[in-house]
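Asker: Next up is a structure, given as structure tokens.
Just so it is clear, none of the values below were taken in a lab; they were calculated from the coordinates. What you see is a predicted model, and the numbers here were worked out from it, not measured in a lab. FYI the Cβ positions are ideal-geometry reconstructions off the backbone, even for glycines, and counts take in every protein chain you see.
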Amino acid sequence: MADLSINFAGIKAPNPFWLASAPPTDKAYNVVRAFEVGWGGVVWKTLGEDPPAVNVSSRYSAHYGKNREVLGFNNIELITDRTLEINLREITQVKKDWPDRAMIVSLMFPCEEAAWRSILPLVESTGADGIELNFGCPHGMPERGMGAAVGQVPEYVEKITRWCKQYSRLPVIVKLTPNITDIRQPARAAKNGGADAVSLINTINSITSIDLDSMVARPIVGGRSTHGGYCGSAVKPIALNMVAEIARDPATQGLPISGIGGISNWRDAAEFIALGAGSVQVCTAAMLHGFRIVEEMKDGLSRWMDEKGYASVADFCGKAIANTTDWKYLDMNYQAIAQIDQDKCIGCGKCYIACEDTSHQSIHQLIQDDGARKYQINEAECVGCNLCEITCPVAGCITMLAQENGKPYMNWTQDPRNPRAEVVT
């Protein structure tokens, strides 16, 4: 059976599934319940200076799909609203009771050396395994010069990271904000400051919806609202890209990454790990479905690893990085065309409408003698864009087939159609 245990930046855990710093990790009661059902670690909800932050009511909103499926989740909750003394006491006890689980403490303090120098020994005395620097919170705290206000300035990221490495022996994980043009810049700064790892992504600035009766965005607080942090399955593609950018950047290559963003099942986790994440953090899925989802996550990942012959998480960590590149290095001579499995086709015509109206008019609609519709690919016109495959409601009905054309690999830097192509001799 596959071994799910990990050693992430020197932090050991029985499995890679950690709860992210958020409401689910705000107190000992929640964390103990999480450990009881099998979570490998937690990042305790962000601690700050006393007096603690004060939250508002309401705090959450959502972006829904069909049947009220929550696609994206928005929150305007701040860091912990409990005192430092209570949090530190509970962290100490939980770590004592659960020594095999990863206990990471998230921190957010002003950009002042004295503040960081004071808190770090207190956290270290709890027995925690590491600290995570919250440089990502996009709401409330940036207005106070913290959170994303720090994460968006690489110089600040490097400076505070260096302070934490100077005043603490614990592994330092820097949590990055996605609300930035180039995620590689703060990641490089974190590494330059001595970070042992980075975690990403934190939440994305968002307004999920407007109540058109009151003309107020949700969540509504006394007739007004504000932007919040967006998370959930909708942000997964953005998170995967940012993880990949750091994993394949020569300046940060090899820097451990804790992947966050829309992880809802074992497959999501496997994708993050394949792009270089050594651990994964979950929040929204646990809030929507409860802590027991980790049981399916562990079981599913273990079964898949057994099927693929991976004995440990490290065996496939980063496997997809080498296959992720810049657009200009893609093979211009590669060609694929769509193929419709007529036995699976239900004749809905969604592929035809999508292709005819918005793509390349490469699907023929044929009306049979009995009035039934049949759809066929016009191979001469098909550019292999995948739109028909995506719109088809039947899995496996439309597939993309690679075409043998006898042409060698040629990327855009070599393509003679590129006015700036490199001369190949």
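Asker: Whole number please: convex hull volume per residue of the Cα set in the stretch 286-365, in Å³?
Answerer: 264
Asker: Any idea which of Ala115, Thr284, Gly65 is furthest toward the positive side of the dipole for the chain, if Lys and Arg beta-carbons carry +1 and Asp and Glu beta-carbons -1?
Answerer: Towards the positive end, the residue furthest out is Ala115.
Asker: Moving to a separate point now. Among the GluC sites (Glu not before Pro) in the stretch 348-407, which ones are in a DSSP loop with at most 11 other Cβ atoms within 10 Å of the Cβ? Mind listing them?
Answerer: Glu404
Asker: How many percent of all Cα-Cα pairs in the chain sit more than 30 Å apart?
Answerer: Tail of P(r) above 30 Å: 50 percent of Cα pairs.
Asker: With θ set to phi - 60°, apply the Karplus curve 6.51 cos²θ - 1.76 cosθ + 1.60 along the stretch 388-393 and write out the HN-Hα couplings as whole Hz, x wherever there is a Gly or Pro.
Answerer: Those phi angles translate into 5, 4, 6, 7, 5, x Hz.
Asker: Using a Förster distance of 35 angstrom, determine the FRET efficiency expected from the C-beta separation of Glu296 and Ile220, and round it to 0.05.
Answerer: Once the sixth-power term is evaluated, E becomes 0.50.
Asker: What percent antiparallel are the DSSP beta bridges of the chain, to the nearest 5?
Answerer: 50
Asker: What order do you get for Thr391, Thr284 when you list them from fewest to most C-beta neighbours inside 10 Å?
Answerer: Going from sparsest to densest Cβ surroundings: Thr391, Thr284.
Asker: Give the whole-number value, in cubic angstrom per residue, of the convex hull volume spanned by the C-alpha atoms of the stretch 119-185.
Answerer: Normalising the Cα hull of the stretch 119-185 by residue number yields 90 Å³.
Asker: Please give the per residue volume of the convex hull enclosing the alpha carbon atoms of the stretch 358-425, rounded to a whole number of Å³.
Answerer: 147
Asker: Normalise the Debye intensity by I(0) for the stretch 327-402, one equal point scatterer per Cα, no solvent, then take log10 at q = 0.21, 0.24 Å⁻¹ and round to two decimals.
Answerer: Taking Cα atoms of the stretch 327-402 as identical point scatterers yields -0.90, -1.12.
Asker: Over the stretch 327-402, calculate the relative contact order: mean separation of alpha carbon pairs under 8 Å at least 6 apart, over the residue count, as a percent.
Answerer: Relative contact order here is 43 percent.
Asker: Rank these for me by crowding, Trp116, Trp44, Trp304, going from fewest to most other beta carbons within 10 Å.
Answerer: Trp304, Trp116, Trp44
Asker: Sorted from fewest to most neighbouring beta carbons within 10 Å, what does the list Tyr230, Tyr375 look like?
Answerer: Ascending number of Cβ neighbours within 10 Å: Tyr375, Tyr230.
Asker: Also: Calculate how many DSSP beta bridges within the stretch 83-230 are antiparallel, expressed in % of all such bridges and rounded to the nearest 5.
Answerer: Restricted to the stretch 83-230, the bridges split so that about 35 percent are antiparallel.
Asker: Continuing with the same structure: Once amide H atoms are placed 1.01 Å from N in the peptide plane, what residues at a sequence separation of 5 or more from Trp44, or on another chain, have their amide H within under 5 Å of its amide H?
Answerer: Ile104, Val105, Ser106
Asker: Output ³J(HN,Hα) for the stretch 313-320: one whole-Hz value per residue in order, computed from phi by the Karplus curve 6.51 cos²θ - 1.76 cosθ + 1.60 with θ = phi - 60°, and x for Gly and Pro.
Answerer: Result, rounded to whole Hz: 4, 4, 5, 10, 5, x, 4, 8.
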